[in-house]
Amino acid sequence: MATTEGFDSPALGEPYLLTPGPLTTSFAVKQAMLRDWGSWDGDFRAMTADLRRRLLALTGDAKAEFDCVPIQGSGTFCVEAMLGSFVPRDGKVLVLANGAYGLRAAQIMQYLGRAHTLIDKGDYLPPRGEEVAAALDADPAITHVIAIHCETSSGILNPVAEISRAVYASGRKLLVDSMSAFGAIPLDVNEIRYEAMVSSANKCIEGVPGFGFVIARKSELEAAKGRSHSLSLDVHAQWATMEKTGQWRFTPPTHVVAAFLEALRAHEAEGGVAARGARYLKNRDVMVAGMRQLGFETLLSERWLSPIIVTFFCPAHANFSFQRFYELMKDKGFVIYPGKLTVVESFRIGCIGRMNEDVMRRVVEAARQSLSQMDVSDAAPPRAALDERAKLAA
Ligand SMILES: *Cc1c(COP(=O)(O)O)cnc(C)c1O
């Protein structure tokens, strides 16, 4: 049982993945993939229905105004499906970017050949409600806004509630990429208004990669008929077929679905979104405190730090090399993640996946030993990094 299973080791000899997904999954999740399922079979159709129902429940949709549509592929497939299905061909999207995933949404709009405009805040400044309001006032052609819930490239938790208020105050519609947040950070439809959101199997629900899902208002799903640029990414068509036959339109990732149901049961047994978020927050707090003691500094101030993934500046010390640090950490059983900032060197440590605070203490100890092996006496970042960070506060 996932609930009684410990956090000691992902499996014999496997390193922990301190990454934003694919991430470390429980043994029970891996074990759930040991059986073959017929995609047309009643048992598998029941699994699909169960999965959709459980995911919807996580949004607090008591009025049954929303529905859940799983889609094969990685998370980006779902972002593309959402934009191609919910934005009318003569619509216009305001993309809120502060990192790689926001820019990717803009790139998708380019591929779609549909009108869009961009607020680009650089690597890590959050898009704020007032500037969204101003942009919407200035351009009446904008019909939709897409926001990234947690921008995984820096780890910043964007203020979606404030953004949502600005969007609906000016009568537009919000779409949310909650890929790396959903399941651990509330996105309750009763508290934050939006038309559709997307996430995927291999992030905070702790499943394995292979599909994502769109959760959208039924009126939007109905209106999406005939709009998509793509057969396989047509959310309305996938939804209509699932409603009618209980089946996915094309070959579903059956083993991934089975694993995901096990992950959803573990999520519920742990205490749902609140408990999952609390474990990640504890992971982050223990890990960040330990890393700061070693002299490392976070890119973001407390206010914007997410419980999902944290960016640290690389130390200024001449003996420090990220590649070497990565290898030394991996030797100790921890796979970390390179940074994605343009101005200064950085790396990231994820807090999500089948890990708890004890594991995070071992991560910090591994970092301490790795620094010592590299003969780095102090992990303090270069001056330029701190100057860059000071801009955040400004
Ligand atoms: C992971 C992620 C995606 C999807 O990435 P894939 O590599 O396609 O799975 C999209 N947006 C955000 C914010 C993410 O963290």
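Before moving on, here are some points about what is shown:
- In the set (1) away from the ligand (no atom under 15 Å from the Cβ); (2) part of a loop (DSSP other than H, G, I, E, B); (3) closer than 14 Å to Leu56 by Cβ; (4) aliphatic (A, V, I, L, M), Ile192 fails one condition alone, (3).
- Within region 333-368, the only residue that satisfies the criterion of being modelled with pLDDT of 95 or more, more than 26 Å from Ala269 (Cα to Cα), in a loop (DSSP other than H, G, I, E, B) and within 18 Å of the chain's Cα centre (by Cα) is Ile336.
- Pairs with Cβ under 6 Å, 6+ apart, first in region 225-251 and assigned by TED's automatic domain parsing to the domain that holds Thr48 and part of a loop (DSSP other than H, G, I, E, B), second surrounded by 15 or more Cβ atoms within 10 Å (Cβ to Cβ) and among the charged types (D, E, K, R): Ser228/Asp234; Leu233/Glu80; Gly246/Arg45
- Complete set of residues in region 14-67 that are more than 28 Å from Tyr101 (Cβ to Cβ) and among the hydroxyl-bearing types (Ser, Thr, Tyr): Ser39
- Flag if Gly99 is within 16 Å of the ligand (Cβ to nearest atom) and at pLDDT below 95: yes
- Unique match (being in the same structural domain as Asn356 (by TED's automatic domain parsing) and not in a helix (DSSP H, G or I)) among Gly277, Gly295, Gly290: Gly295
- Leading residue by the ranking (nearest to the chain's Cα centre (by Cα)) among those in region 369-379 that are assigned to a loop (DSSP other than H, G, I, E, B) and surrounded by 17 or more Cβ atoms within 10 Å (Cβ to Cβ): Ala379
- Residue check, Ala394 modelled with pLDDT under 95 and either surrounded by fewer than 21 Cβ atoms within 10 Å (Cβ to Cβ) or touching a Gly at 6+ places or on another chain (Cβ under 7 Å) (or both): yes
- The set of residues in region 127-178 that are part of a loop (DSSP other than H, G, I, E, B), surrounded by 24 or more Cβ atoms within 10 Å (Cβ to Cβ) and away from the ligand (no atom under 12 Å from the Cβ) contains only Pro127.
- Residue check: Leu300 meets all listed conditions (1) in a helix (DSSP H, G or I); (2) surrounded by fewer than 23 Cβ atoms within 10 Å (Cβ to Cβ) but one, namely (1).
- Checked against the criteria, Val29 counts as assigned to a helix (DSSP H, G or I), in contact (Cβ under 8 Å) with a residue 24 or more places away in the chain and of a type in the set (A, V, I, L, M).
- Filter pass, Lys121 being away from the ligand (no atom under 13 Å from the Cβ), more than 30 Å from Thr245 (Cα to Cα) and not assigned by TED's automatic domain parsing to the domain that holds Ile336: yes
- Contacts under 6 angstrom Cβ, first residue in region 198-219 being in contact (Cβ under 8 Å) with a residue 60 or more places away in the chain and under 19 Å from Tyr101 (Cβ atoms), partner away from the ligand (no atom under 12 Å from the Cβ) and of a type in the set (Phe, Trp, Tyr), 6 or more apart: Ala201/Phe260; Ile215/Phe66
- Among the numbered conditions (1) at pLDDT below 95; (2) out of contact with any helix residue (DSSP H, G or I) (no Cβ under 7 Å at 6 or more places or on another chain); (3) on the phi < 0 side of the Ramachandran plot; (4) surrounded by fewer than 21 Cβ atoms within 10 Å (Cβ to Cβ), the only one that Asp123 does not meet is (4).
- Residue pairs meeting the criteria (Cβ under 9 Å; at least 6 apart or on separate chains; first under 21 Å from Gln107 (Cα atoms) and touching a residue at least 12 places away in the same chain (Cβ under 8 Å), in region 140-169; second more than 16 Å from the ligand (Cβ to nearest atom) and of a type in the set (S, T, N, Q)): Ala141/Thr117; Ile142/Thr117; Ile142/Ser170; Val145/Ser164; Ala147/Ser164; Ser154/Ser346; Gly155/Thr298
- Leu94 vs. criteria outside the structural domain of Val160 (by TED's automatic domain parsing) and modelled with pLDDT of 95 or more: no
- Top-ranked residue in region 198-212 [being more than 9 Å from the ligand (Cβ to nearest atom) and not hydrophobic (A, V, I, L, M, F, W, C); ranked as surrounded by the most Cβ atoms within 10 Å (Cβ to Cβ)]: Gly207
- Test set (1) within 19 Å of the chain's Cα centre (by Cα); (2) farther than 30 Å from Ala237 by Cα - Asp139 fails condition number: (1)
The values are calculated or read from the model by the stated rules, or taken from the named source; none is laboratory data. Just so we're clear, the structure is a prediction, and the values are computed from it rather than from any experiment. For neighbour counting, all protein chains shown are included, and Cβ atoms are generated from backbone atoms with ideal geometry for every residue, glycine included.
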